[in-house]
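Worksheet for the structure shown next.
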Amino acid sequence: MTATLANNIIVSHTVGITATPGAALAVSNTLLWGNGSDPISGTGVITQAPLFVAPASQDYHIQENSPAVDAGIEAGVSRDVDGDPRISPPDVGADEVVEKIYLPLVMRSY
């Protein structure tokens, strides 16, 4: 049996991430940053800061310029932590950045 780790953000784990010898681990499209050591490797592994919105106040949404944006793979998860739909390709992590559309304000006087 193989454990699969896909579309995850793993940050600041001081003991690092390891798999027991002989264990089968498939890692894909996962962001690893600031861990004790990152001995695991895989396809699409990102080793850059995730660029959370405000981690000091526990806002772990990712910013629009995060390396996690559009870096995921289809994994059968259709909505993010906020209930927003996942687009293709999905973002890595629990949050999907939703593009904001701003409409101009038009004021008319009659």
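The values are calculated or read from the model by the stated rules, or taken from the named source; none is laboratory data. Because the structure is a prediction, the values reported are computed rather than measured. Cβ atoms come from the backbone with ideal geometry, glycine included; neighbour counts cover every protein chain shown.
Numbers below:
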{"quantity": "Evaluation of Thr14 against (1) among the polar types (S, T, N, Q); (2) touching a Gly at 6+ places or on another chain (Cβ under 7 Å); (3) at pLDDT 95 or above (one fails), failing number", "calculated": "(3)"}
{"quantity": "Strands (runs of 3 or more DSSP E) wholly inside region 1-65 that include at least 2 residues being farther than 21 Å from Val81 by Cα", "calculated": "2-6, 24-28"}
{"quantity": "Test: residue in region 89-103 that is surrounded by fewer than 18 Cβ atoms within 10 Å (Cβ to Cβ), among the aromatic types (Phe, Trp, Tyr) and either at pLDDT 95 or above or closer than 22 Å to Ser12 by Cα (or both)", "calculated": "no"}
{"quantity": "Condition met for Ser12 (on the phi > 0 side of the Ramachandran plot and either under 14 Å from the mean Cα position of the chain (by Cα) or polar (S, T, N, Q) (or both))", "calculated": "yes"}
{"quantity": "Selection within region 66-88 - part of a loop (DSSP other than H, G, I, E, B), exposed (fewer than 11 other Cβ atoms within 10 Å of the Cβ) and touching a strand residue (DSSP E or B) at 6+ places or on another chain (Cβ under 7 Å)", "calculated": "Ser78"}
{"quantity": "Gly44 vs. criteria closer than 12 Å to Ala6 by Cα and at pLDDT 95 or above", "calculated": "no"}
